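Okay, structure first, notes after.
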Ligand code: HEC
């Protein structure tokens with residue numbers, strides 16, 4: 001009789017702890033719905049249905065982290081960025097201290113991502129490999145971006161008007 005009670009008590013204790021842990025962990029977990037939605041958005045590499053927050057994040061990364069405009073936006077005669085032609089391709093105005101044979105003299109238009117698939121642009125940003133399968137030429141940086149960041153940038157660039165071909 002006593003043993004049965006003890007068993008029942010143990011069973012109750014185990015269940016109680018188990019239940020407590022489950023409810024605790026479910027309380028700690030962030031709201032599942034938005035997390036799921038974000039995952040789906042990040043996964044789609046072809047024709048992404050970019051949401052506004054992804055585009056905003058891409059804009060922030062382009063303008064404040066990657067500093068893409070420094071090379072991909074043309075400059076006026078005073079050397080200032082010509083904001084009316086943002087990311088529409090530009091001549092490279094910086095030169096290496098030591099001559100390099102593979103130095104690119106032009107940064108292509110990336111507004112609207114003309115001529116690139118999303119996957120190609122992501123490979124450039126994640127691995128520094130161009131659409132031709134060759135390493136990207138300096139002074140373009142070999143970025144090792146996380147896929148979510150590369151996808152946000154692609155979403156932002158795609159949201160810009162495609163003005164290719166330019167000067
Ligand atoms: C320091 C100058 C510089 C900066 C900063 C820069 N780029 Fe570039 N980018 C270039 C040059 C030069 C090329 C051409 C490289 C080549 O021909 O291989 C290029 C090429 C590219 C290409 C095309 C690759 C190809 O094979 O044609 C993409 C896409 C690109 N850049 C995106 C970006 C993005 C996005 C950023 C910001 C996160 C950025 N770049 C920042 C200079 C730069």
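No lab work stands behind these numbers, since they all come straight from the coordinates. Just so we're clear, the structure is a prediction, and the values are computed from it rather than from any experiment. As a convention, Cβ positions derive from the backbone with ideal geometry for all residues, glycine included, and neighbour counts pool all protein chains shown.
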**Study point:** Peptides ranked, highest mean first, by Cβ atoms within 10 Å: ranges 131-142, 73-84
**Key:** 131-142, 73-84
Practice item. Give, in whole angstrom and from largest to smallest, the semi-axes √(5λ) of the equivalent ellipsoid of the range 66-164, with λ running over the eigenvalues of the Cα gyration tensor. Key: 21, 19, 11
Exercise for review: Along Cα→Cβ, 7 Å out, is where each label goes; now give me the distance between the ones at residue 102 and residue 129 in nm to one decimal.
Suggested key: 1.4
